[in-house]
Structure formats: C-alpha cells, structure tokens
Amino acid sequence: MDQDETPIALEDGWRDMEAGIARLKRILHGVDGTSFTSQEYINLYTMIFNMCTQKPPYDYSEQLYKRYKQALEEYIKSTVLPSLTSKHGEFLLRELVERWKNHKVMVRWLTRFFHYLDRYYVSRKLLLPLKELGLSCFHDLVFGGLKTTLTTIVIDMVDNEREGQLIDRALLKDVVGIYLEIGQGSVSLYELDFEKAFCKGTTDYYSKKAQTWMLEDSCPQYMLKVEDSLQKEKERVGHYLHASTEEKLLEVTILELISWRAEEILYKENSGCRVLLLDGKSEDLSRMYRLFSKIDAGLFHVSKIFKEHVKEEGMSLLKHAADAANGTKNEKKEAVGSPEQEFVRKAIELHDKQLAYVTNCFQDNSAFHKALKAAFEDFCNKDVAGCTSAESLASFCDSILRKGGSEKLSDEVVEETLDKVVTILTYISDKDLFVEFHRKKLGKRLLFDKSANNEHERSLLSKLKQYFGGQFTLKMENMINDVTTARDHQTKFEDYMSKKSSDHRVDFSVTVLQTGSWPSYKTSNINLPSEMIKCVENFKDYYNSNQKSKRLTWIYSMGNCNIVAKFDAKPFELIVTTYQAAMLLLFNGSERLSYSEIVTQLNLPDDDAMRLLHSLSCAKYKILNKVPSNRTISPNDVFQVNHKFTDKMRRIKVPLPPTDEKKKVVEDVNKDRRFSIDASIVRIMKSRKVMGHQQLVAECVEQLSRMFKPDIKIIKRRIEDLISREYLERDLETANTYRYLA
C-alpha cells in the first residue's frame, strides 16, 4: 500500500467483510444462486490483505483473527443451533449433516478471504489455523452438546439394521464422517466420543441376543447366527464405520457370542460338539472350528471333546468285541472273522472317519492330530476280547494276506488297508509283540504256501520299514528271501533225484530256512516211517554235496503230507501233518495198536501223542476207531483203522486241535526285551561314563519306546544284573549314580 493512501479503518473494512459474509450465508441457504465472481473475491481478499499490512497502529491482524471467530460463532448461534433444536432422531442427523456441509463451505470461503492473515499472522503468532479454528467452533458450540444424543441415535439405527430393518447407510456414513473430520486427521475424538459407546451398545445388543438364541436354538443354529452376525458386523464397518473399528467391534461381538458362552455351546444338550461328531455334521464342525479359533483356548476345549469322543468310540468297539467273544450279542455271527479282527476293521473305519474330521473340519490343526493320537493310543493298547492289540492287528493282517482269508479285497484296497494297518500300529506301544505275532503268522503262510500275494507281503514290510526302520523288518525280509531260495533248492533237488533214480514213489519237498530269521519251532526226535526216512536221506545227500559247511536241523512238526487211505466205501486223499502221517502209516503193518505201542514206536511225548490221536479218532473225521469209544485219550486206549469211514469229499484236511501259541510268543518277546534293555543301558553308559539312576532310566525308556514301553521295575533289575556282571558299578561317593566299567 502506498504511503500517501489513507489507511482503512477497522469498522469500515469489516463492514465490507460483513456484507461478503451475508452474501455467503444467502448462497448457502439457496437465496442467492450465484457464487462470488473473481472480482468480488479479489476485492475481499485485497481488503483483508491491506488491513493486515498497514503500519501500526492500523495493522488490524489481531482484531481480524478475533472477528473471524466471532463471525462463525454468530452464524452458528443464529442459524445452525435453532435449526437443530427442533429436530429429533433421524431428522436431527439429516439436519446436522446438512449444517455441517454448509459450515465447511463457509469456513472454506472465509479462509480464502483471510488467506494472508492465516499465512503470516497466524503462523508467526503460533495460533490455531483458521480452518481448524472454524471446525473447532462447530465442535464447541454444536457437536459438544449433541454428541451423546447423536451416538445414541446412531446405535439405535444400527440395532434396527441388526434386526433386519432397512436404514439410511449413507446418512450414518456422513454422521460418522463428522466425528472424524472434526478430529482433523486424528481418530482419537472418534474413538472417545463414538467408538467406545458404539462397542458398548454392541455388547449390550449381543448379550441379550446370545441369551435368547441359546434358549431357542440348537448348537448348529446358534453358530450359524453367530457366524452371520460376525460377517454382517464386518460388512457394517465397510459401509459406514472407520476401518480401525473392525477389530474392536468383532472382538466384543465374539466375546459376547462365543467366549462367555463357550461351554454352553460345546456341551449344549442334544446338539453340542459331541452330538455333531456322532452325527457326522462336518459343515457344523467346520463352523465350530472357525468360531472357536477366534477365542483364547477355544480350540483346546474343542480338541479335548474330540479326544474324549474318539476315546469313547474306541472303548465302545472294545466292548462290542468282548460281547461278541462272550456270545452275549449276535455280533459274532454278523462279523466277518474273529471279534478281534472285527475290532481292528472297525478301528480303521473309526480312524478314517475321525481323520477326515481333523483334515476337513479342523484344517489339519496340530492340536486335533495330537488329540486323535492320544485317544487311539489309549484304547488301542487295551486287550481286545482277551487278546493284546498287537496280536489282534497281526491276526487282521493275516486275514488280508492269507489265501482264503476272511478279507476278500482287491489289490488296490489291500494296499490301502495295509497303509491303515501301519497307521494303527503307530499307536500301539508293544510294536515288538506285533512283530513276533506277525512273524509267526508270516512263517505259516510262507511254509504252507498260504500267502495270497508275495508282493503284498513285501509291500507291508516296506511300509513297516519306512515307519520303524530296517531293523524292524530285517528278519521277515530274510524269511521271504529264504522261501525264494528254497524253491531254487527244490528245483535242483528234483533234478538231482531224477538223475540219481527214477524209482522214487514219494513226491518230497523241503524248505531250507535260516535259523536266526525264523520263529523257533518245536522239534522232537520222532521215529519216521521208512518211506519218509529214505526221502530225508536223499535230501541230506543232495544238500551236503552243495553245502558242506552247513548243518541241517529237521523240523518235522511244520511238515505236512498228502496220503491216500483206502476205506470200504472208497479211497480218500488225506491232508495231514508229518506227525499224523507217521502215525497213520503205523497201521499199514498192524490192524490194532495200543496207546503205549504208538508212543513207543514213534518216540513221541505224551502231549503230542494225545493231540495227534485226538485229531484222528475223536474229532470231525474219525479215521481211527478208539476203544473205549469216548472223546478223551488215555494211556489204556486201543486204536484201529475205521474201515467204515466215509465222507462226501474225496480230499479231506484233517486238522490238529488248536494250540495256544500266545504264551510262547510273549515269553520270546520278554526275553528279547531283556536283551534290548541291557543293550540300551550299556550304550547309554558307554557314552556318558557316569550317570544318575533317574536320568539313566529316563533315557533308556526314551530309546526303547519306539518298539515297546519298558517296565521301570525290569529296567532296575537289568541294571542290577549288569552290575553283577561287572558292566557297571555304583559310585561310592554319590548316591544313585552309576559308573561304566570299560
């Protein structure tokens, strides 16, 4: 401004400014439809500029700053507040939004007119910028008094929407926007004045809803409503709330609908978690997993119920097997195979079903895998109808792999079933007992050519080897290899015999086995008939000519014979054991033989003689007649051939009475366990040299637990034995401590 010009008086300049403000009010109210022209804007801006740049005492910057605020306050008091006072509910919100928009326009124009004041005076004096001052006026005079009412109205509208009513979401978005805009870039005012109360209202709403739903709905229906509510609350944030509210809103919703009522949901009568598992409600279980994964320890409680469910199902299978074995139910007639085999089949089905829950419903969560493992380990290590679980599993494998077994399955299904058998085996603690039972049954399948498919036998061993290591299957692999080698021996023996003589009436087959790989079999020095002795001598000659360094031990108890017996009706081909055949051949030379004569001629122990005579004279096929005619064998009995014997079949297998091999297997396993415990203790002490008792026992248990669960008392006895054999010694200075003796 030139020095010669007359300074603008405050009142004169403000009078022009008031005229501009009055014009702005008319524009906002729609009375004056035209906006400020460029010239009008420049005139008002220039006037404020001149009033701020005049030399003192005519620099009116301070006065203009105050009058800017007064102008806004006067507009609010005279126009905005009266328009709001008469409005209520949704109408109040609409009026507030409209007045807020007008206020922002007014502040924007005024800050443009007062731009020079804002740029220099305000910044130099560190005062509140004009825009923020304008928003502050609205907050202090309008919003501060209405915020509680506004929040209440908004909460009521949201509750109505939750009840299914249509509301004006755009209006709510604008109202929530006022909280944020007045905060001028900060959400603290929004959080304090709105969000806190809104979350409290949400808590109150869902607290009532949860109570009602729990009374009226089943567990699946309740969870469906909860999931729907959570989804809608998430969408609600996107429609009209600030993004930062989502986490807090979902948190309070989850707290009310799930956390506080977790136990009620899980154990709800007739529809809780256990019922869903029993009924196979996969979709509902998936929903339960999704919901309970959102709360602390939620999945722990679900997995606990899952574990108890699997355990109870397993115990139910055990009870059914026991009932079938005792004949208290009809299951024995309905089941294919023995009760223990049926138990294994059902256990596999149970595992498939529960594993499907873990995979599909519980998203492969490790807690549920652990629960499944713990439950199966619990009931799979209990006796099944008087049999150990290891024996039951071995019997089941036998039924799959044996010719004519109770399980009639395709190759693909056999492979799949064997995979599942190995999985069940991982839950059994006495794996070494399974190995021994399986080895015993494998031996019989191989020796009597009862194996349905050698590839399946090798496949099972491969699966076991993959899970438990090569030492687990080494002996059984050698057994299969022995049988293959034995076939080559047999071919060579037949060639040998064909060259030696063409006059051999008996077809004779021998299987040569390695002593260390096969189970131990009962042997006796039976006096064989001359026909058999000749065959044995021929094979000895052949074998010694090829294997001079090896010695043969004959196990006649595992042999079998096909002999032709001529009766009055017709001749029959009898399939019998070597012992039975030797006994029957005695009657070629004598019509009648007493018990003592038979025992003496065959050099048999009494228990073997009684079993053999019982099978031939008292069982289904009475090849021999006994005097006196009863079902008990005694030393005074006399036997003769039953010439009147007949049967509709021409080829008959004469079985021996079954023997209980379980005791022998268990004894062998316990013996092997003692060696394993000894080896483990020595191995540990050799590496540690000095070790405390508790630590030694713990490490020994850990090392051996892959094959069996060792008894602590037996470990203590083995330590004492190793001390007596001078492998270890007690430390004289430290109690309960051992030293290794090299």
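Derivation of every value follows stated rules applied to the coordinates shown; laboratory data play no part. Small disclaimer: the values here were computed from a predicted structure and weren't measured. Using ideal geometry, Cβ is built from the backbone for each residue, glycine included, and neighbour counts are taken over all protein chains shown.
So here's what we get for this one:
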quantity: Local net charge near Lys373, Cβ-Cβ under 12 Å (Lys/Arg +1, Asp/Glu -1); calculated: +1
quantity: Where GluC sites (Glu not before Pro) fall in DSSP loop in the stretch 229-315, at most 13 other Cβ within 10 Å; calculated: Glu269
quantity: Evaluated over the stretch 20-78, the Cα radius of gyration and Dmax, each in Å; calculated: 13.7, 40
quantity: Size-normalised alpha-carbon gyration radius of the stretch 37-171, reference 2.2 N^0.38 Å; calculated: 1.35
quantity: Charge dipole (debye, nearest 20) of the chain; +1 at Cβ of Lys and Arg, -1 at Cβ of Asp and Glu; calculated: 3320 debye
quantity: C-alpha long axis of helix 144-162 to longest principal axis of the chain, angle in °; calculated: 40 degrees
quantity: Positive-end residue, the chain charge dipole about Cα centroid, Cβ charges, pick of His103, Thr151, Asn454; calculated: Asn454
quantity: Under-5 Å amide H pairs with Cys561, H placed in peptide plane, nonlocal only; calculated: Val576, Thr577, Thr578
quantity: Degrees separating the helix 606-617 axis from the principal Cα axis of the chain, which is the longest one; calculated: 90 degrees
quantity: Projected label distance in nm at Ser366 and Cys618, using a 7 Å step from Cα toward the beta-carbon; calculated: 6.2 nm
quantity: Mean residue ellipticity (222 nm) of the chain, computed from DSSP H runs ≥ 4 via -39,500 (n - 2.57), nearest 500; calculated: -20000 deg cm²/dmol
quantity: Column: log10 I(q)/I(0), Debye, Cα scatterers of the stretch 1-115, q = 0.12 Å⁻¹; calculated: -0.50
quantity: Largest-first principal axis extents of the Cα set of the stretch 355-442 (Å); calculated: 40, 29, 20
quantity: Mean Cβ count within 10 Å, highest first, over the residues of peptides 397-403, 593-599; calculated: 397-403, 593-599
quantity: Cα centroid separation - the stretch 563-581 against the stretch 271-303, whole Å; calculated: 65 Å
quantity: Cα pair distances in the stretch 389-437, grouped into 5 Å bins until the bin that holds the longest one, percent each; calculated: 5, 22, 30, 23, 14, 5, 0
quantity: Segments 201-211, 527-537 sorted - mean Cβ within 10 Å per residue, highest first; calculated: 201-211, 527-537
quantity: Scattering curve values for the stretch 188-245, log₁₀ I(q)/I(0), Debye with Cα scatterers, q = 0.23, 0.28 Å⁻¹; calculated: -0.95, -1.14
quantity: Amide hydrogen neighbours beyond the local backbone of Ala385, cut-off 5 Å, H modeled; calculated: Ala322
quantity: Zero-based 20 Å bins, Cα pair distances in the chain, whole percents; calculated: 12, 25, 21, 15, 13, 9, 5, 1, 0
quantity: Estimated dipole of the stretch 35-171 in Debye, rounded to 20 [Cβ of Lys and Arg +1, of Asp and Glu -1, Cα centre]; calculated: 640 debye
quantity: Taking N as its residue count, the alpha carbon Rg of the stretch 68-135 over 2.2 N^0.38 Å; calculated: 1.30
quantity: Dimensions (Å) - the stretch 342-493, Cα atoms, principal axes, largest first; calculated: 61, 29, 29
quantity: Dimensionless Rg over Rh [the stretch 597-699; C-alpha; Kirkwood]; calculated: 1.39
quantity: Directionally averaged shadow of the stretch 158-203, computed from the convex hull of its alpha-carbon atoms, nm²; calculated: 3.3 nm²
quantity: Computed over the stretch 404-486, Cα set: Rg, Dmax in Å; calculated: 12.5, 36
quantity: The stretch 134-188: chymotrypsin sites (Phe, Trp or Tyr not before Pro) falling in loop per DSSP and having at most 15 other Cβ within 10 Å; calculated: none
quantity: Shape of the stretch 483-642, Cα gyration tensor, a/c cut at 1.5; calculated: prolate
quantity: Cα gyration tensor shape of the stretch 480-530, rounded if a/c is under 1.5, else prolate or oblate by comparing a/b with b/c; calculated: oblate
quantity: The stretch 685-726 and the stretch 348-385: distance between their alpha carbon centers, rounded to Å; calculated: 32 Å
quantity: Hydrodynamic radius of the stretch 246-298 per Kirkwood, over alpha carbon pairs, in Å; calculated: 11.7 Å
quantity: Sparse-neighbourhood loop sites, trypsin sites (Lys or Arg not before Pro) in the stretch 549-652 - DSSP loop, at most 16 other Cβ within 10 angstrom; calculated: Lys550, Arg551, Lys620, Lys622, Arg631, Lys644, Lys648, Arg650
quantity: Ser451 long-range amide H proximity, modeled H, under 5 Å; calculated: Lys403
quantity: Volume per residue that the Cα convex hull of the stretch 223-367 spans, once the total is divided by residue count, Å³; calculated: 118 Å³
quantity: Whole-Å semi-axes of the ellipsoid equivalent to the stretch 214-264 (Cα gyration tensor, √5λ, descending); calculated: 23, 12, 6
